[in-house]
Amino acid sequence: NPLPGGCSLLEIERITQSVVKSHIETSQYSTEELKRMAWTLYNPEETRSYQTKSAEVMWQQCAIHITNAIQYVVEFAKRISGFMDLCQNDQIILLKAGCMDVLLIRMCRAYNPINNTLLFDGKFATPQFFKALGCDDLVNAVFDFAKSLSRIQMSEEDMALFSAAVLLSPDRPWLTDVLKIQKLQDKVYVALQRCLQKQGASEEKLAKMVSKLPIMKSICNLHIDKLQFFRLVHPETAYTFPPLYREVFGS
Amino acid sequence: KEKHKILHQLLQNSTSPVDL
């Protein structure tokens with residue numbers, strides 16, 4: 001039977017393997033490691049010490065962690081078959097526009113819904129832990145998103161393919177070869193659909209995943225707004241943020 | 001290119017931080 005988008009079964013199998021392999025190879029922590037760490041929480045004293053840091057120090061630390069994670073996302077993208085065939089202009093646009101989305105999807109692996117905690121610097125932390133950042137709305141939005149995504153119970157394969165589909169969004173502004181990216185994304189979505197079918201997942205699972213896209217966009221925008229405000233208030237500190245962070249989130 | 005120097009480098013590098 002012909003598959004949607006005119007792609008062959010072999011092509012779909014190939015892209016599934018490539019995306020899942022690159023996701024696993026470029027995840028900062030394996031599922032086993034995350035399981036082992038899930039109950040390693042910051043104690044009240046440690047939490048207080050983070051809460052009483054200055055906004056500058058806490059922002060700097062978060063920027064470093066995000067930058068580290070971005071490097072893995074770049075590597076994830078590079079290993080998706082077809083991504084490196086795009087022109088470098090498009091590769092950069094897709095990464096700049098989509099890496100925060102991918103980070104948000106990946107983050108749900110490092111989220112514990114039982115106690116609403118998230119892995120940060122080796123231990124699990126509550127939303128209150130990030131008080132010093134001075135952006136409770138952003139922090140709460142990130143935790144709420146992680147909670148809602150964890151409810152979908154995505155497998156590693158789902159997560160890999162969903163991340164790739166989001167990264168390969170052909171509607172990002174200033175792209176050169178929209179059609180090529182559209183074709184790649186179509187293939188990834190077909191692969192994701194097949195993967196869900198194989199698992200015997202309900203039809204709505206994909207719809208549930210796709211319904212998270214606007215929330216992800218609003219979190220990305222909120223992060224940029226907060227960063228711009230931080231830059232205004234603390235220009236010297238913002239200037240010392242890792243160069244890659246400044247490149248990705250600069251205008 | 002200058003504006004995205006590091007991204008360009010990361011995309012061109014065959015050995016990435018992940019491998020190191």
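Structure notes:
- Backbone N within region A:17-42 under 20 Å of label point (7 Å from A:His65 Cα along the Cβ vector): A:26-42
- Applying a DSSP loop filter and a limit of 16 other Cβ atoms within 10 Å to the chymotrypsin sites (Phe, Trp or Tyr not before Pro) in region A:134-211 leaves A:Trp174.
- Selection from A:Leu161, A:Leu138, A:Ala125 lying farthest towards where the dipole of region A:39-167 points positive, charges on Cβ: A:Ala125
- Distance between the pseudo-spin-label points of A:Glu33 and A:Lys123 (7 Å out from Cα toward the beta carbon): 1.9 nm.
- Value of relative contact order over chain A, rounded to a whole percent, pairs C-alpha under 8 Å and six or more apart: 28
- Within a Gaussian network of chain A (alpha carbon springs, distance under 10 Å), most fluctuating of A:Ile219, A:Ile92, A:Ile105: A:Ile92
- A Förster radius of 30 Å combined with the Cβ-Cβ distance from A:Gln17 to A:Asn89 puts the calculated FRET efficiency at roughly 0.60.
- A helix-only calculation puts the protein assembly as shown at -20500 deg cm²/dmol for mean residue ellipticity at 222 nm, using -39500 (n - 2.57) for each DSSP H run of at least four residues, averaged over all residues.
- Evaluating kT/(6 pi eta Rh) at 37 °C and 0.692 mPa s, with the Kirkwood radius of chain A over Cα pairs in the Stokes-Einstein relation, gives 172 µm² s⁻¹.
- Normalised by 2.2 N^0.38 Å, where N counts its residues, the alpha-carbon radius of gyration of region A:96-186 equals 1.27.
- Of A:Ala69, A:Ala207, A:Ala132, the one that fluctuates the most in a GNM where chain A has Cα springs shorter than 10 Å: A:Ala207
Every number here is computed from the coordinates shown, using simple stated rules; none is lab data. Small disclaimer: the values here were computed from a predicted structure and weren't measured. Reconstructed Cβ throughout: ideal geometry from the backbone, glycine too, with neighbour counts over all protein chains shown.
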